[in-house]
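Following: one structure in structure tokens, then a few remarks.
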Amino acid sequence: MELNSIKDAFDRVTKKQKLSTSKSQETIQQITQEINHAISQIQSTNPSTKSILNELQSKLKQISPLTQLESTQKDLNIAFSKYTKLLEKQFNPDISKSYRHVDFDLHTVNQIIAAHLYREGLFEIGDCFITESNEKTLTDRKTHFLEMYKILDSMKTRDLVPALCWATNNHETLLKNGSDIELKLHRLQFMEILQSGRRDAALKYARSHFAPFAERHLPEIQKLMACLLWVGKLESSPYSEFLSPSHWAKLGDELALQYCNLIGESHHCPLSATVAAGVQGLPTLLKLMNVMTGKKQEWQTMKQLPVPVDLDQEFQFHSIFVCPVSRDQAGEDNPPMLMSCGHVLCRQSITKLSKNNSTRPFKCPYCPTEVEVGQCRQLYF
């Protein structure tokens with residue numbers, strides 16, 4: 001959705017509004033001054049009141065307040081009218097016309113919603129939803145996310161014991177995934193002990209927990225051991241960066257990511273990602289429906305969109321290939337094939353172009369090269 005044009009129109013309205021307000025205040029101030037001056041003349045001297053009022057009337061005509069105010073107010077009304085029309089055009093209030101009748105599995109939808117509530121930490125609401133929708137409790141997912149949020153809540157109070165227990169229990173898996181979160185947790189615990197002034201306890205903790213990571217993270221461990229020399233004055237040491245509160249927030253996010261990886265869940269909520277992608281693709285669908293006005297039945301039965309729906313990189317989770325000839329997405333039954341000229345088509349398109357004859361040459365749709373089916377090679381993304 002183009003928001004730049006809306007922002008520019010809004011800026012024009014606010015500019016006109018400020019100008020109108022400023023002009024109105026200036027005019028009112030001039031009128032007030034002239035009236036006060038006339039009143040003071042009447043009170044201080046005793047000339048003809050009529051002459052003073054005539055003079056006041058003449059000055060007010062020179063100021064011409066109505067003319068000045070009408071001009072600026074008219075400009076404001078024009079700008080505001082254009083802005084409202086632009087809003088109506090951009091923010092189509094009726095999005096139902098982009099809806100297609102799809103047979104949803106209500107059970108699956110309910111399970112997705114319940115899982116979303118649990119992964120967001122809304123356990124009571126999730127339980128209530130499960131009860132009211134007569135669904136089976138998602139025991140495994142609820143248990144997993146309960147544990148995750150207990151660990152994260154403990155970290156918010158600077159209690160690392162639950163997080164360290166989880167990391168220790170999953171030590172091998174975390175190493176296979178290339179994660180060093182266990183060392184980062186031990187580093188935070190080490191610095192907490194050191195900040196309390198317990199040098200001997202910190203040294204004992206380091207000897208007990210840093211050794212397994214020495215081979216891959218020796219430089220960092222050396223810096224941590226050097227912190228022992230700065231007990232009581234760590235803030236002014238060369239290693240004060242270890243004290244940054246941002247480490248706690250970053251490590252909380254990383255722990256949530258690794259936890260989801262270990263239980264086979266996406267770190268980003270699938271339901272949230274689906275809704276966000278739908279919002280981004282909605283303008284394209286609305287434009288398509290405006291073009292297809294009067295063809296509602298065709299829209300409902302359409303198997304493939306006639307226009308691409310471009311989504312940001314964050315919504316592209318897998319490499320895909322769409323055949324430029326058939327517009328079909330490649331799959332196991334119809335894989336992408338690299339031709340001798342370097343162009344790529346899906347297997348079914350190549351079969352049609354060669355008329356199902358593996359020895360019959362056919363012309364590439366994108367260059368003059370003659371290609372044989374036997375020369376084509378399957379591509380793997």
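Below, the figures for the structure above:
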| read-out | value |
| --- | --- |
| Solution diffusion estimate, µm²/s, Stokes-Einstein, segment 132-219, Kirkwood Rh from C-alpha pairs, 25 °C, viscosity 0.890 mPa s | 164 µm²/s |
| Stretch in the chain that is longest and holds no trypsin sites (Lys or Arg not before Pro) that DSSP places in a loop and that have at most 15 other beta carbons within 10 Å | 1-99 |
| Distance between modelled label sites at Ser240 and Lys223, nm, 7 Å Cα→Cβ extension | 1.5 nm |
| Histogram of C-alpha separations across segment 58-137, 10 Å bin width, % | 14, 19, 15, 15, 12, 11, 9, 6, 0 |
| Mean ellipticity per residue at 222 nm, deg cm²/dmol - from DSSP H runs of n ≥ 4 across the chain, formula -39500 (n - 2.57) | -20000 deg cm²/dmol |
| Of Lys23/Lys89; Lys156/Lys176; Lys89/Lys287; Lys156/Lys223; Lys23/Lys85, those spanning more than 23 Å from alpha-carbon to alpha-carbon | Lys23/Lys89; Lys156/Lys176; Lys156/Lys223; Lys23/Lys85 |
| Inter-probe distance in nm under a simple model that places probes 7 Å from Cα toward Cβ, at Gln378 and Thr301 | 3.5 nm |
| Of Ile263, His186, Ile113, farthest towards positive along the dipole that unit charges on Lys, Arg, Asp, Glu beta carbons give the chain | Ile113 |
| Relative pair counts by distance (%), Cα atoms of segment 177-325, 5 Å bins | 1, 7, 12, 12, 12, 9, 6, 7, 7, 6, 5, 5, 4, 4, 2, 0, 0 |
| Farthest positive-ward along segment 1-90 dipole, Cα basis, beta-carbon charges - from Phe80, Ile42, Ser5 | Ser5 |
| Probe 1.4 Å, all protein chains present, accessible-area order of Thr14, Thr49, largest first | Thr49, Thr14 |
| Measure of compaction for segment 338-378 (Cα Rg per 2.2 N^0.38 Å) | 0.96 |
| 10 Å-binned pair-distance histogram of segment 1-147 (Cα, whole percent) | 9, 18, 13, 13, 13, 11, 9, 8, 6, 1 |
| Dimensions in Å of the chain - Rg and Dmax from alpha carbons | 35.8, 118 |
| Max mean-square fluctuation residue, GNM over the chain, Cα-Cα springs under 10 Å, options Met339, Met225, Met191 | Met339 |
| Convex hull (Cα only) mean projected area of segment 317-368, reported in nm² to one decimal | 3.9 nm² |
| Gaussian network model of the chain, springs between alpha carbon atoms under 10 Å - residue of Gly126, Gly278, Gly178 with greatest fluctuation | Gly178 |
| Whole-number accessible area per residue in Å² for the chain, which is evaluated in the context of all protein chains at 1.4 Å | 66 Å² |
| Accessible heavy-atom area order of Cys227, Cys165, highest first, probe of 1.4 Å | Cys165, Cys227 |
| Relative contact order of segment 1-93, defined on C-alpha pairs under 8 angstrom at six or more residues apart (%) | 53 percent |
| Listed residues Ile221, Gln57, Ala277: farthest to the positive end of the dipole of the chain (Cβ charges) | Gln57 |
| Lys, Arg +1 and Asp, Glu -1 on Cβ, resulting dipole of the chain about Cα centre, debye, nearest 20 | 1140 debye |
| Over segment 61-107, equivalent-ellipsoid semi-axes from the Cα gyration tensor in Å | 50, 8, 5 |
| Two-decimal ratio, segment 191-249, of alpha-carbon radius of gyration to 2.2 N^0.38 Å | 1.09 |
| Heavy-atom accessible area ranking, 1.4 Å probe, most first, across Ile130, Ile31 | Ile31, Ile130 |
| Share of Cα-Cα pairs in segment 230-289 lying beyond 18 Å, as whole percent | 64 percent |
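The values are calculated or read from the model by the stated rules, or taken from the named source; none is laboratory data. Since we're looking at a predicted model, the values are computed, not measured. We place every Cβ from the backbone using ideal geometry, glycine too, and count neighbours over all the protein chains shown. All accessible areas refer to the heavy atoms of the entire protein, side chains included, with ligands and DNA or RNA removed. Shrake-Rupley method; radii C 1.70, N 1.55, O 1.52, S 1.80 Å.
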